[in-house]
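The values are calculated or read from the model by the stated rules, or taken from the named source; none is laboratory data. Keep in mind that what you see is a predicted model, and the values were worked out from it rather than measured. For neighbour counting, all protein chains shown are included, and Cβ atoms are generated from backbone atoms with ideal geometry for every residue, glycine included. Keep in mind that these areas ignore ligands, DNA and RNA; they rest on the heavy atoms of the full protein, side chains included. Shrake-Rupley method; radii C 1.70, N 1.55, O 1.52, S 1.80 Å.
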Amino acid sequence: MYSALMSTPERLIEATQELLWERGYVGTSPKAIQQRAGAGQGSMYHHFAGKPDLALAAVLRTSAEMRETAARLLDGPGTAYERISAYLLREREVLRGCPVGRLTMDPDVVASDALRAPVDETIGWLRGRLAEILQEGLDRGEFSPGIEPREVAAAVVATVQGGYVLARASGSSAAFDSAARGLLSLLAPQITTSRQP
């Protein structure tokens, strides 16, 4: 399953990331991690103090990967609208849900300050970056003058996370796609036509 070049700690972290996404914290047992990673108990406890330590490494990695993916699109070329559109319409494993967003629904993650912090920071970073891009678009006259960048950024994040929930509930990615397209239609740049006298 994993590359022979991956170190044991890397395999353990990646296995934990996948299991947290699939099963949540309680459902991710040390034995399941070891089996998925192809690592023995001694190897796991040699590299990590225990499940909480390994879970934190996995949550930090998942959060960093989400930031990297979002930044690649949000910091890319194009207008503010095009960059937000690229983020909303990117290819995703919609029916699996958001690997970071799913952590917010895990009571054990939310109850742990250490595990919750990187999740909260990542979502906060995403809202902040979206707000900056929306402000850029507003300054360039791309969007309606009345929009509030921070509030619209929160709506973008809520649409993405809610889209995952709707898709999982219906068993179809169409619900996510519809939510994303609906938000983009509300954000669509205003086209002004100048009248000749």
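Per residue of segment 80-89, what does 6.51 cos²θ - 1.76 cosθ + 1.60 with θ = phi - 60° give for ³J(HN,Hα)? Whole Hz please, x for Gly and Pro, Karplus curve as stated.
4, 4, 5, 6, 5, 4, 4, 5, 5, 9
Given q = 0.09, 0.12, 0.18 Å⁻¹, what are the Debye log10 I(q)/I(0) values for the chain, with equal point scatterers placed on the Cα positions and solvent ignored?
Computed log10 I(q)/I(0) values: -0.41, -0.67, -1.19.
Using a basic spin-label model with each label point 7 Å from the Cα along Cα→Cβ, how many nm lie between Met105 and Ala64?
Taking the simple label geometry, Met105 and Ala64 are separated by 2.7 nm.
Leaving out ligands, DNA and RNA, what percent of the accessible area of the chain is carbon and sulfur, probe 1.4 Å?
Ligands and nucleic acids excluded, carbon and sulfur give 53 percent.
If R₀ is 25 angstrom, what is the calculated FRET efficiency for the pair Ser144 and Ala169, using the beta carbon separation as r and rounding to 0.05?
Here the calculated transfer efficiency is 0.20.
Rounded to the nearest 20 Debye, what is the dipole magnitude of segment 72-197 about its Cα centre when Lys and Arg each give +1 and Asp and Glu each give -1 at the C-beta?
The dipole magnitude comes to about 360 debye.
Run the numbers on the chain and let me know its relative contact order in percent, using alpha-carbon pairs under 8 Å that are six or more apart.
That works out to 19 percent.
Cα centroid distance between segment 1-79 and segment 150-179, in Å?
Result: 25 Å between the Cα centres.
Just the projected area, averaged over all directions, of the convex hull on the alpha carbon atoms of segment 96-197: how many nm²?
Averaged projected area of segment 96-197's Cα convex hull equals 8.3 nm².
Against the longest principal axis of the chain, how steep is helix 8-23, in degrees 0 to 90 to the nearest 10, with axes from Cα atoms?
60
How high is the FRET efficiency between Leu89 and Ser185 when r is their beta carbon distance and R₀ equals 22 Å, given to the nearest 0.05?
That gives a FRET efficiency of 0.95.
Find how much the distance from Ser7 to Ala154 grows on full extension, using 0.36 nm per residue of separation minus their present alpha carbon separation; answer in nm with one decimal.
Difference between extended and current length: 49.1 nm.
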